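To keep things clear, I will list the structure first and then write my remarks on it.
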Amino acid sequence: MSLPGLRAAVPADATALGALESATMGREAWTADQVAEELAPATGRVVLLLPDDDRSVAWVDLAVNGEVADLLRLAVHPDRRRRGIGASVLGVGIAALPATVERVLLEVSAANAAAEATYAAAGFVPIARRAGYYRDGADALVMQLTLHEANVAGGTR
């Protein structure tokens, strides 16, 4: 799936991304101020968003630390889900990581089967479980993608 309009996020996007967080993450949502901190000029981040008019449809936030990247956020607006947008944004974000990154880690609510399936389809595998990790009491499933084995954005990385 092609994503026309997908671009790097900038600090001016914080309000729109904060609204997307509110629409998608429930009690775990980041505020616009927290999003702004992620968008502050810094090294080691891949932050992409898919805008549509004056709102954000999707975003991905990856933090890079040496050979490991942490997927901090992947969100798709509820009225645009089940169209492959999340998988596409994820693939582009992973493809944009520096070549030095060997693996990507993430935590996903064990209660979120749709997200877990999206990550599994992208090659992530469960490696651990964190009991009661989320505010609602749900466990976190820790998943890992080993990049030399991953098929990223239609090609092998």
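The values are calculated or read from the model by the stated rules, or taken from the named source; none is laboratory data. Since the structure is predicted, the reported quantities are computational estimates derived from the model, not experimental observations. Positions of Cβ are backbone-derived with ideal geometry, glycine not excepted, and every protein chain shown enters the neighbour counts. SASA here: full protein model, heavy atoms, side chains in, ligands and nucleic acids out. Shrake-Rupley method; radii C 1.70, N 1.55, O 1.52, S 1.80 Å.
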For this session: Scan segment 51-59 and give yes if some residue there is more than 20 Å from THR15 (Cα to Cα) and out of contact with any helix residue (DSSP H, G or I) (no Cβ under 8 Å at 6 or more places or on another chain), otherwise no.
Result: no
Problem set entry | Unique residue being crowded, with 19+ Cβ neighbours inside 10 Å, touching a residue at least 24 places away in the same chain (Cβ under 8 Å) and not hydrophobic (A, V, I, L, M, F, W, C) when the list is GLY84, GLY66, GLY91 | GLY91
For this session: Go through (1) in a loop (DSSP other than H, G, I, E, B); (2) touching a Gly at 6+ places or on another chain (Cβ under 9 Å); (3) modelled with pLDDT under 90 one by one and return the number of the condition GLY137 breaks.
Result: (2)
For this session: Could you figure out which of (1) open to solvent by 40 Å² or more (accessible area, probe 1.4 Å); (2) part of a strand (DSSP E or B) isn't true of LEU71?
Result: (1)
For this session: Could you tell me whether segment 108-125 includes any residue that is outside any loop (DSSP other than H, G, I, E, B) and crowded, with 21+ Cβ neighbours inside 10 Å?
Result: yes
Problem set entry | Neighbours by Cβ (under 8 Å, 6+ apart or cross-chain): first from segment 1-14, farther than 13 Å from ALA58 by Cβ and open to solvent by less than 60 Å² (accessible area, probe 1.4 Å); second at pLDDT 85 or above and in a helix (DSSP H, G or I) | ALA14/ALA32; ALA14/ASP33; ALA14/VAL35; ALA14/ALA36
Seminar exercise, completed: Residues in segment 15-51 that are part of a strand (DSSP E or B) and surrounded by 21 or more Cβ atoms within 10 Å (Cβ to Cβ) total 4
Exercise. From VAL104, VAL60, VAL89, which residue is under 14 Å from the mean Cα position of the chain (by Cα), part of a helix (DSSP H, G or I), closer than 27 Å to THR31 by Cβ and not polar (S, T, N, Q)?
Worked result: VAL89
